[in-house]
Amino acid sequence: MLIRYNKKQEVVKPSLNYSISAIIVCVDFDDFLAETLPYTKNFADNIYIITADDDLVTQKLCKKEKVYCLKTPRTKPQFQRGKYINYGFDEIPKNGYFVISDADTVIPMGSRQKVENMSLNKNSLYGTQRKECDSYEQWKQYKDFGIESELYFRRASHMGFFQMFHTDFFKDKNFLRYPDDTEIYIRKDKIKGGSFVFSRQFETRIKMPFCPIVLNNVENLGQNREGRTTKRFGE
């Protein structure tokens, strides 16, 4: 079900002949989404939040922020990001570019302008490297004063926190949907997740000239795999 909350949403007006639609899965991560949405609004023309039908807090936030909200049954027993993304693929109009991101990902101000200065290739997947923020205190330093010295850089690109591609790909019958997160890809004894598998089908993968910030509150990778167990951001 698509709830159109963003009829009066103030977003960046497209200055070129394409639009950018952000697809963000948010299930029980409304605290992170509240922090990152203002930045996403300055990047995307339309924002689609995909959440569980029983996540009323996220739905309330979508209404408050006037962004699109798509509701679907909660995946069980594990959180399966790929299933939520594929639901979005089925429901969202195929226009311009899609960017898949996360509720805890901050797309820096000014990033849209950098994209508009690029000559985009419709056959490519656009990704980024990232910086990570490990505490609410670090985030406040960046949010309030622009201080990045406490953030650390991570060499990861074209992964699920930022994947941008043209919707013309959906016209190709061989285009692969997003793998369920319970599926893994094993190559040379390395286990890769669904975002890695999704990225490999693109002819070229190009790195964007900006670096999103991922807000962390986990001690171990996969800590929230079976549902949110970590405390709320800032508590």
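Here Glu35 fulfils each of the conditions (1) under 21 Å from Gly194 (Cα atoms); (2) in contact with a Lys or Arg (Cβ under 8 Å, 6 or more places away or on another chain); (3) of a type in the set (D, E, K, R); (4) in a helix (DSSP H, G or I) apart from (1).
Touching a Lys or Arg at 6+ places or on another chain (Cβ under 7 Å) and of a type in the set (A, V, I, L, M), is that true of Leu125? The answer is yes for Leu125. Return yes or no: is Lys190 exposed (fewer than 13 other Cβ atoms within 10 Å of the Cβ), among the basic types (Lys, Arg) and at pLDDT 90 or above? When the stated conditions are applied, Lys190 does not pass them. Quick check on the range 51-64. Is at least one of its residues in contact with a helix residue (DSSP H, G or I) (Cβ under 6 Å, 6 or more places away or on another chain) and more than 23 Å from Pro93 (Cβ to Cβ)? There is at least one residue in the range 51-64 that is in contact with a helix residue (DSSP H, G or I) (Cβ under 6 Å, 6 or more places away or on another chain) and more than 23 Å from Pro93 (Cβ to Cβ). Take the conditions (1) surrounded by 14 or more Cβ atoms within 10 Å (Cβ to Cβ); (2) within 28 Å of Gly88 (Cβ to Cβ); (3) modelled with pLDDT under 85; Glu148 misses just one of them, which is (2). Considering only residues in the range 157-175 that are free of Cβ contacts under 8 Å to residues at least 60 places away in the same chain and in contact with a helix residue (DSSP H, G or I) (Cβ under 7 Å, 6 or more places away or on another chain), the one that is farthest from Tyr87 (Cα to Cα) turns out to be His158.
The values are calculated or read from the model by the stated rules, or taken from the named source; none is laboratory data. All figures in this text were calculated on a predicted structure; none of them were measured in a lab. So basically every Cβ, Gly included, is an ideal-geometry build from the backbone, and we count neighbours across all protein chains shown.
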